[in-house]
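Below you'll find the structure, written out as structure tokens, and then a few comments.
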Amino acid sequence: MTLVNGHKWVAILALGVMLLALTCLAEAQQAKKVFRLGYLSSADPVTDSAYIEAFRKRLREFGYIEGQNIAIEYRYSENERVRYPELAAELVRLKVDVIVVAGGNPTIKAAMNATKTIPIVMTGGGIDPVVSGLIESLGHPGGYVTGLTNLSRELGGKRLELLKEAVPKITRVAVLYDPAIPGPIREVKEELPVAARALKLTVRSWEIRTVDGFDKVFAALNKDRPDGLYALESALMRANQKRIVEFALKSRLPSIGYREYVNAGGLMSYGADLADSYRRVAYYVDKILKGAKPADLPVEQPMRFEFAVNLKTAQQIGVTIPQSVLYRADRVIK
């Protein structure tokens, strides 16, 4: 080999080493990339804790470890609707890669108003996202919003049916709802009257707009004397569910509500398995972080619904739940 050729091979070898080093550096930098995830909730850390844990566990199964390759910015409104825009704006300023919204339509819209580019993943709260104008269709969302929808307004009739089956003597049901939320308004005006007529029930709805409104409504219910109680889900209701349960127990009223309601001491609940829904939300986050567009990810409905009965409460209010109803329950609290 001549000296010239020797220099040539040295140069080629040096170039190869340099390219290899650059490739390794690029891969190392890519491996060290830390995704930033925003979590916007209408509730509080305690209420969301079990669902958040299911979400984080599923993320870990996808390979995302907090403190290593993903950071989660948590923002809780503590059931104060006026804080939605402010908290959503904070997440946008942090330049998060995805915003997960744990709340109903007002929370989702606050996130949408704060950004037109950051992907938004719904956890299932709120009413039909197509009817609400959040997405174009379930199969083809068409924008930057995707995730889950519980279509909770369709569950109202089912809950009334279960309440009637569990306590056949019921004829008059009081419905507590927050009129500031679109979902409960539609359920009260459109869904429940139809279901009530089929079940031969008389339903009377009671608006509760603020924390102070509970005592006024409870006083009115003591005079009206309904046979049953149905609490519609909202941030206000969740924040005051212990008060609702205590009133139902004191008044010996059979009651039904959303999933957390029975855990607080309500008689029954029927709704989507939220832990399962949050695990599915992790799937959407993974897909988006790997390059998928929200517009191409169909919005899904929950795969699992849970019917729960609290026999402790039944005993306290003097109600015997038929075995036929207990057999259908996914969870019985004894």
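The values are calculated or read from the model by the stated rules, or taken from the named source; none is laboratory data. The structure presented is a predicted model; accordingly, all values stated were derived computationally and were not measured. Methodologically, a virtual Cβ is constructed for each residue, glycine included, from the backbone with ideal geometry; neighbour enumeration extends over all protein chains shown. Surface areas here come from the heavy atoms of the whole protein model, side chains and all, with no ligands, DNA or RNA. Shrake-Rupley method; radii C 1.70, N 1.55, O 1.52, S 1.80 Å.
Give just the number: which of (1) open to solvent by less than 30 Å² (accessible area, probe 1.4 Å); (2) of a type in the set (S, T, N, Q); (3) within 30 Å of ASP128 (Cβ to Cβ) does THR313 not satisfy?
(3)
For region 71-98, what are the residues that are in a strand (DSSP E or B), of a type in the set (A, V, I, L, M) and touching an Asp or Glu at 6+ places or on another chain (Cβ under 9 Å)?
Residue satisfying the conditions is ILE72 alone.
From the list TYR64, TYR39, TYR74, TYR51, which one is in contact with a Pro (Cβ under 8 Å, 6 or more places away or on another chain) and either at pLDDT 90 or above or among the basic types (Lys, Arg) (or both)?
After ruling out the rest, the residue left standing is TYR74.
Would you confirm whether or not region 81-88 contains a residue that is among the charged types (D, E, K, R) and modelled with pLDDT under 95?
yes
Report every pair of residues separated by at least 6 positions or lying on different chains whose Cβ atoms are under 6 Å apart, first residue within region 293-312 and under 18 Å from ARG159 (Cα atoms), second in a strand (DSSP E or B) and of a type in the set (Gly, Ala, Ser).
What qualifies is PRO302/ALA272; PHE305/ALA272; ALA308/SER269.
Among helices (runs of 4 or more DSSP H) lying entirely in region 174-248, which contain 2 or more residues that are open to solvent by less than 30 Å² (accessible area, probe 1.4 Å) and touching a Ser or Thr at 6+ places or on another chain (Cβ under 7 Å)?
182-186
Which condition number does ARG58 fail, the rest of (1) closer than 22 Å to ARG238 by Cβ; (2) out of contact with any strand residue (DSSP E or B) (no Cβ under 6 Å at 6 or more places or on another chain) being met?
The single condition ARG58 does not satisfy is (1).
Identify the single condition in (1) open to solvent by 10 Å² or more (accessible area, probe 1.4 Å); (2) touching a Ser or Thr at 6+ places or on another chain (Cβ under 8 Å); (3) outside any helix (DSSP H, G or I) that ALA295 does not satisfy, given that it satisfies every other one.
(3)
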